[in-house]
2 protein chains.
Amino acid sequence: MTTTGKQIFTTLASDGTLTVELAESTFPDPTGNQVLVRMEAAPINPSDLALLTGPADLENAEYSPGRLVARMPEPFASGAKGRHDQRLPVGNEGAGTVVATGDGEMAKALMGQRVACVPGTAFSEYAIAEAAMCLPLGDVSSEDGASAFVNPMTALGFVETAKAEGHKAIIHSAAASNLGQMLNRICQEDGMALINIVRKREQVELLKSQGAEHVVNSSDEDFMAQLRSAIDATDAYLGFDPIGGGKTVDHCFKAMEQVAASKMTEFSRYGSNQPKKMYIYGRLDLGPTVLTPSYGFGWTLSGWLLTPFLHQAGMETVMRMRQRVLANLTTTFASSYKRKVNLEEMLTKNAVLDYRAMKTGEKYLVVPNG
Amino acid sequence: MTTTGKQIFTTLASDGTLTVELAESTFPDPTGNQVLVRMEAAPINPSDLALLTGPADLENAEYSPGRLVARMPEPFASGAKGRHDQRLPVGNEGAGTVVATGDGEMAKALMGQRVACVPGTAFSEYAIAEAAMCLPLGDVSSEDGASAFVNPMTALGFVETAKAEGHKAIIHSAAASNLGQMLNRICQEDGMALINIVRKREQVELLKSQGAEHVVNSSDEDFMAQLRSAIDATDAYLGFDPIGGGKTVDHCFKAMEQVAASKMTEFSRYGSNQPKKMYIYGRLDLGPTVLTPSYGFGWTLSGWLLTPFLHQAGMETVMRMRQRVLANLTTTFASSYKRKVNLEEMLTKNAVLDYRAMKTGEKYLVVPNG
């Protein structure tokens with residue numbers, strides 16, 4: 001018995017033509033500890049967009065029902081050589097109901113249950129998922145459980161990283177995002193100081209209304225002074241940045257060093273001895289990262305991705321993190337969405353242009369069987 | 001009994017005026033395990049220049065015997081607030097003869113000996129140094145022993161860092177420098193693969209004549225292809241860059257990722273799983289470091305400085321490194337100089353403009369009592 005259903009695929013041809021389409025798929029029977037999930041809700045995360053559309057020219061794309069064809073600009077078209085002419089499924093995570101299982105014990109125990117899962121093929125009516133990665137949702141709805149993995153584990157991962165590296169404070173940029181609001185709640189629960197960098201007055205107010213103590217606005221003229229003062233108050237020498245391009249990282253390093261240098265009693269040509277660390281975990285800005293030579297040599301900038309972090313953290317830490325997410329899905333780890341779309345609506349010009357803008361607080365939720 | 005002699009000082013006034021001058025100093029008697037060294041030779045390293053002149057406008061400075069006065073441009077004048085109006089001695093390292101000692105046993109054992117030392121005040125007729133940091137030179141001349149610390153320990157430090165982080169190959173840029181030639185010899189002795197990045201044909205030939213296997217020329221049109229091919233041959237996913245500004249680091253990360261991605265069997269939106277690491281250990285280019293978003297998230301860029309490295313490496317490693325330097329000072333760890341100057345000549349326009357250019361292979365040696 002095989003199952004058929006509709007599924008989104010993205011294909012980048014070697015000539016730079018990107019095709020995103022809804023197509024009929026056949027789903028194999030789950031084997032071993034696999035489960036087949038009838039997908040009910042899946043968020044469109046920035047990490048999905050990198051694959052789904054990337055920086056393709058969506059404004060001038062051709063749209064027809066269940067299909068869009070767009071040009072991928074250079075250097076991105078050539079740069080993504082590894083995916084040329086491959087028809088790729090999309091959608092990291094989602095939630096739905098287990099309708100078939102392999103004969104493994106873990107899988108069989110999930111039959112009929114509503115679960116959050118991480119199939120990598122979530123923009124689809126059905127998806128095959130690993131039972132070990134499924135969270136049974138109990139009374140929680142699929143919509144409430146759809147974002148149970150990427151954002152919660154990432155936000156928790158930041159705090160785990162900070163603790164493992166001996167920090168008591170974190171800087172976070174683009175901090176009014178769903179992820180940022182989650183991190184703000186986690187940090188308050190865990191007594192980790194948090195400096196939220198946002199770029200709008202409304203975002204300052206939003207985060208303050210959620211209990212944030214340190215919110216600095218990069219659009220204010222005295223942004224650097226605000227940032228220095230917050231670092232001085234918290235000793236935040238570690239930061240996480242989803243923007244990537246431009247000078248956000250540079251501003252953080254500079255402010256950290258200025259605060260550290262102001263506490264030195266003796267001049268050193270090499271700057272302060274204070275180690276400063278920043279992680280880039282996203283690329284909301286695809287421009288180059290610019291680092292000015294204004295904070296000595298005591299700094300480290302690194303990429304941060306969830307999967308390698310989880311591998312490195314080990315099974316015990318990951319299980320502890322997942323337990324915490326499951327127990328607090330509708331509170332600490334709640335997500336909110338601007339709009340719900342089904343798989344066809346997801347490929348309309350109106351929707352695509354809106355969610356690809358990745359505006360803070362304007363996340364879309366896909367309801368594949370909606 | 002106090003000793004007097006001439007010494008170089010550098011002062012940056014808060015209005016941006018930089019004064020470098022030769023002045024009469026009084027040297028206190030050494031106490032404990034201090035020694036007083038009559039300085040005979042001291043190299044002008046890039047790390048000295050950062051303090052001595054920085055990016056001051058030396059072309060339009062006022063020069064008089066034993067003195068120069070120059071404008072420090074912004075943002076460097078304000079950025080160096082920590083040193084404003086302080087009269088600072090200069091000269092990390094050098095060699096000379098111990099003419100007085102404290103009454104500590106280590107110090108007394110060095111009386112009358114020729115030593116390499118790290119006083120931080122080496123551009124001077126006399127300097128107080130710690131006995132524990134002195135290397136007795138035996139038959140080696142002061143000129144041959146003058147650069148026994150900064151370059152040898154840095155080059156050895158790169159190889160120690162690579163070994164500690166599990167690497168079997170290193171990329172080094174500006175590789176025809178004294179330090180680069182030293183690293184080339186060390187890597188051959190230790191069986192560590194080395195990719196030398198240079199920018200001139202003569203430098204390719206120089207390093208090849210010294211046994212280098214992989215030398216790539218950034219001025220060649222096929223530079224990136226050369227670099228990829230050398231990475232493919234050596235698995236070099238760690239690099240050290242003294243340039244800092246510009247795109248050297250970016251080129252290395254990009255080439256590393258392209259090689260790693262070419263070996264992948266399956267496309268990943270996040271790039272390869274190969275961790276890539278670069279260290280910036282100098283600022284030959286004071287422009288911003290530019291990182292393009294073309295190598296995923298599996299990379300780390302960090303500053304590298306000798307002193308924190310030595311602290312972290314521990315006494316046993318440091319002693320082993322020093323023994324090796326001492327035993328091979330005129331071979332593996334030999335330096336060469338373009339020109340010798342005394343303290344007065346060091347402050348002439350002709351000399352200052354020449355050594356501040358930090359051209360590869362054109363290092364100056366100061367002979368304070370010459």
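The values are calculated or read from the model by the stated rules, or taken from the named source; none is laboratory data. None of these values were measured; they are calculated from a predicted model. As a convention, Cβ positions derive from the backbone with ideal geometry for all residues, glycine included, and neighbour counts pool all protein chains shown. Heavy atoms of the whole protein, side chains included, go into the accessibility calculation; ligands, DNA and RNA do not. Shrake-Rupley method; radii C 1.70, N 1.55, O 1.52, S 1.80 Å.
Numerical summary
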| item | result |
| --- | --- |
| The range A:248-269, residues that are under 22 Å from residue A:166 (Cβ atoms) and touching a strand residue (DSSP E or B) at 6+ places or on another chain (Cβ under 9 Å) | A:249, A:252, A:253, A:255, A:256, A:257, A:260 |
| Those residues of the range A:120-148 which are out of contact with any Ser or Thr (no Cβ under 8 Å at 6 or more places or on another chain), outside any helix (DSSP H, G or I) and among the hydrophobic types (A, V, I, L, M, F, W, C), in sequence order | A:122, A:123, A:129, A:134, A:135, A:137, A:148 |
| Positions within the range A:154-176 being assigned to a loop (DSSP other than H, G, I, E, B) and either open to solvent by 30 Å² or more (accessible area, probe 1.4 Å) or without any contact (Cβ under 8 Å) to a residue 24 or more places away in the chain (or both), in sequence order | A:165, A:166, A:167, A:168 |
| Residue among B:330, B:317 that alone is part of a loop (DSSP other than H, G, I, E, B), surrounded by fewer than 18 Cβ atoms within 10 Å (Cβ to Cβ) and not assigned by TED's automatic domain parsing to the domain that holds residue B:59 | B:330 |
| First in the range A:126-139 and modelled with pLDDT of 95 or more, second anywhere and among the aromatic types (Phe, Trp, Tyr), Cβ under 6 Å, 6 or more apart | A:126/A:27 |
| Answer residue from the range B:303-314, given it is open to solvent by less than 30 Å² (accessible area, probe 1.4 Å) and facing chain A (nearest Cβ under 7 Å) and is nearest to residue B:120 (Cα to Cα) among those | B:304 |
| Residue ID - surrounded by the fewest Cβ atoms within 10 Å (Cβ to Cβ), chosen from residues in the range A:1-55 that are farther than 23 Å from residue A:68 by Cα and among the β-branched types (Val, Ile, Thr) | A:2 |
| Residue that is more than 23 Å from residue B:198 (Cα to Cα) and in the same structural domain as residue B:165 (by TED's automatic domain parsing), where the choices are B:267, B:240 | B:267 |
| Filter pass, residue A:93 being among the acidic types (Asp, Glu) and open to solvent by less than 40 Å² (accessible area, probe 1.4 Å) | yes |
| Filtered residue count, the range B:131-188, keeping only those that are closer than 24 Å to residue B:280 by Cα and of a type outside the set (S, T, N, Q) | 32 |
| For residue B:75: the one exception among (1) closer than 30 Å to residue B:155 by Cβ; (2) open to solvent by 70 Å² or more (accessible area, probe 1.4 Å) | (1) |
| Near pairs, Cβ below 6 angstrom, 6+ apart or cross-chain, from the range B:352-370 (within 13 Å of residue B:339 (Cα to Cα)) to any residue that is open to solvent by 20 Å² or more (accessible area, probe 1.4 Å) and of a type in the set (Phe, Trp, Tyr) | B:363/B:337; B:365/B:337 |
| Among the candidates B:97, B:101, residue that is under 27 Å from residue B:327 (Cα atoms), among the polar types (S, T, N, Q) and in contact with a helix residue (DSSP H, G or I) (Cβ under 7 Å, 6 or more places away or on another chain) | B:101 |
| Residue match in the range A:309-319 (condition: out of contact with any helix residue (DSSP H, G or I) (no Cβ under 7 Å at 6 or more places or on another chain) and in contact (Cβ under 8 Å) with a residue 12 or more places away in the chain) | no |
| Filter pass, residue A:337 being surrounded by 13 or more Cβ atoms within 10 Å (Cβ to Cβ) and more than 13 Å from residue A:147 (Cα to Cα) | no |
| Evaluation of residue B:300 against (1) at the interface with another protein chain (Cβ under 8 Å from one of its Cβ atoms); (2) surrounded by 21 or more Cβ atoms within 10 Å (Cβ to Cβ); (3) of a type in the set (Ser, Thr, Tyr) (one fails), failing number | (2) |
| Qualifying position, being closer than 24 Å to residue A:91 by Cα, exposed (fewer than 15 other Cβ atoms within 10 Å of the Cβ) and among the small types (Gly, Ala, Ser), among A:351, A:357 | A:357 |
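So that you can scan it fast, the table gives a plain yes or no per residue for (1) among the β-branched types (Val, Ile, Thr); (2) over 30 Å from residue B:271 (Cβ atoms); (3) in contact with an Asp or Glu (Cβ under 7 Å, 6 or more places away or on another chain):
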| site | (1), (2), (3) |
| --- | --- |
| A:64 | no, yes, no |
| A:87 | no, no, no |
| A:122 | no, no, yes |
| A:140 | yes, yes, no |
